[in-house]
Structures are given as C-alpha cells and as structure tokens.
C-alpha cells in the first residue's frame, strides 16, 4: 500500500519528531532461540484531541502549494510569500468561523 501523499513528500534522509510519546518495548520468542524486539509508540494523552477538526481540502491544497513553491522558488521569493499569505488567510478565516460558531464572539 503506498504512503499517503503527506508522508510521501517527506525527505527520508531527515528525521521527524513525534513528541511527547510513551514508548513500550518487549522481547518475544521468535523461534529458534532468537528474540524479537517489538516497539509500541503512544502519543501523550495531553496531545490527543478527540474533537479536533480535520484539515479542509482547500487548506491542504494551499499547504502543498506553499511547500512546492518554496522548494522551487526559495524562501525569499515573492511567489513563496504570496503562497504563505494565502495559507495564513485560509487558516485565519477558519479560526474566526470556528470562534463564531462556538459563540465566543458574544
């Protein structure tokens, strides 16, 4: 099964960080006198949110566009700045909409 597009664009030569996590390890008999180490990662309960909304398709598309533009044009290019501004505007609009829907504007 292929990696999801988000993970497929990560550079395999650079590490990613998943913090904080709880790490559990255990050895199992793998047969023939060999041992197998199994590792389980659990995100910290403080960083798990059940009601967190997902990323909207347009937000994801603008995020991908920003990173592709930045990679192609560089950090200081006007096109990179414009892509960033579009992404920030989308996020601000979403946060305002959620704030109003939650009744925090009253």
All but one of (1) in a helix (DSSP H, G or I); (2) modelled with pLDDT of 80 or more; (3) exposed (fewer than 10 other Cβ atoms within 10 Å of the Cβ) hold for residue 46; state the number of the condition that does not hold.
(2)
Which residue, of 41, 37, is at pLDDT 85 or above, exposed (fewer than 11 other Cβ atoms within 10 Å of the Cβ) and closer than 25 Å to residue 20 by Cβ?
37
Residue that is farthest from the chain's Cα centre (by Cα) [pool: residues in region 74-83 that are part of a helix (DSSP H, G or I) and within 20 Å of residue 10 (Cβ to Cβ)]:
80
Which of the following residues is part of a helix (DSSP H, G or I), under 15 Å from the mean Cα position of the chain (by Cα), more than 24 Å from residue 21 (Cβ to Cβ) and modelled with pLDDT of 90 or more: 61, 65?
61
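The values are calculated or read from the model by the stated rules, or taken from the named source; none is laboratory data. The shown structure was predicted, so the numbers you read here are calculated from the model rather than taken from an experiment. Backbone-built Cβ (ideal geometry, glycine too); neighbour counts: all protein chains shown.
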